[in-house]
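A.B. asks: Let me give you the structure first, and then I'll get to my questions.
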Amino acid sequence: MRTDPELLSRVVPTSRREAEEVYRALDGGRLPDESVLRTHVLDHHPIASAPPLRLGPAQPPAGFHERRVYRVLFAKDLRAEQVTSLRTAWRTPAGGTSASAASGRLDTGADQVTWELRRVGNHLTWCLDVTVLLTTDAAEAVGATLSYLTNVLRQHGLIPVTTERFS
């Protein structure tokens, strides 16, 4: 999808509700559940199982028992006003980092989540790098936060392609 401009121009992110409305309007009836829809996507490429690649120090900072780094890669592109909207929504400090288009931070209790949205691959695609510092065993909160951030970017027009855990 990322390398086929014609296909990419026709693919747009949408909510489940919007997809159901369009499907119904096209006389498709009721949109099947997600588990059924996934059976129609047969171009599955399994990823080799390996320990996560360690980026950064092996030990988490003082006060945390675990450090995790995730990267979500996206297809499509963002317009300047969409980046500005994300910077405002995520309260990205003025100036930010030179590599980051938008960034944010969330403290959930004593756990800490920070993220940066930036271009990668010689400006061919966007990625969201998420660093999680855990003091608790609230690993389920990590998945929920990754889903939330991915959905925010989907609503801004990006299409998530893959999520990798690096450490």
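The values are calculated or read from the model by the stated rules, or taken from the named source; none is laboratory data. Values in this document were obtained by computation on a predicted structure and should not be read as measured data. Every residue, glycine as well, gets a Cβ built from its backbone with ideal geometry; the counts of neighbours run over all protein chains shown. With ligands, DNA and RNA removed, areas are computed over all heavy atoms of the protein, side chains included. Shrake-Rupley method; radii C 1.70, N 1.55, O 1.52, S 1.80 Å.
A.B. asks: Filter segment 73-97 down to residues that are of a type in the set (A, V, I, L, M, F, W, C), in a loop (DSSP other than H, G, I, E, B) and surrounded by fewer than 16 Cβ atoms within 10 Å (Cβ to Cβ), then give me how many there are.
C.D. replies: Number satisfying all stated conditions: 1.
A.B. asks: Regarding TYR70, is this residue on the phi < 0 side of the Ramachandran plot, open to solvent by 20 Å² or more (accessible area, probe 1.4 Å), out of contact with any strand residue (DSSP E or B) (no Cβ under 6 Å at 6 or more places or on another chain) and not small (Gly, Ala, Ser)?
C.D. replies: Working: on the phi < 0 side of the Ramachandran plot: yes; open to solvent by 20 Å² or more (accessible area, probe 1.4 Å): yes; out of contact with any strand residue (DSSP E or B) (no Cβ under 6 Å at 6 or more places or on another chain): no; not small (Gly, Ala, Ser): yes.
Considered against the rule, which asks whether it is on the phi < 0 side of the Ramachandran plot, open to solvent by 20 Å² or more (accessible area, probe 1.4 Å), out of contact with any strand residue (DSSP E or B) (no Cβ under 6 Å at 6 or more places or on another chain) and not small (Gly, Ala, Ser), TYR70 comes out as no.
A.B. asks: Please state which of the following conditions ARG154 fails to meet, knowing it meets all the rest: (1) within 14 Å of ALA75 (Cβ to Cβ); (2) in a helix (DSSP H, G or I); (3) open to solvent by less than 40 Å² (accessible area, probe 1.4 Å).
C.D. replies: (3)
A.B. asks: If you don't mind, there's one more thing I want to ask. For segment 63-84, indicate whether the set of residues that are over 23 Å from the mean Cα position of the chain (by Cα) and modelled with pLDDT under 85 is non-empty.
C.D. replies: no
A.B. asks: Related question: Please go through (1) farther than 22 Å from PRO5 by Cβ; (2) in contact with a Pro (Cβ under 9 Å, 6 or more places away or on another chain) for PRO160 and return the number of the only condition it doesn't satisfy.
C.D. replies: Exception for PRO160: condition (1).
A.B. asks: Sticking with this structure for a sec: Quick check on my filter: what residues within segment 125-146 are surrounded by fewer than 13 Cβ atoms within 10 Å (Cβ to Cβ) and either within 22 Å of THR14 (Cα to Cα) or modelled with pLDDT of 85 or more (or both)?
C.D. replies: Of everything in segment 125-146, those that are surrounded by fewer than 13 Cβ atoms within 10 Å (Cβ to Cβ) and either within 22 Å of THR14 (Cα to Cα) or modelled with pLDDT of 85 or more (or both) turn out to be GLY143, ALA144.
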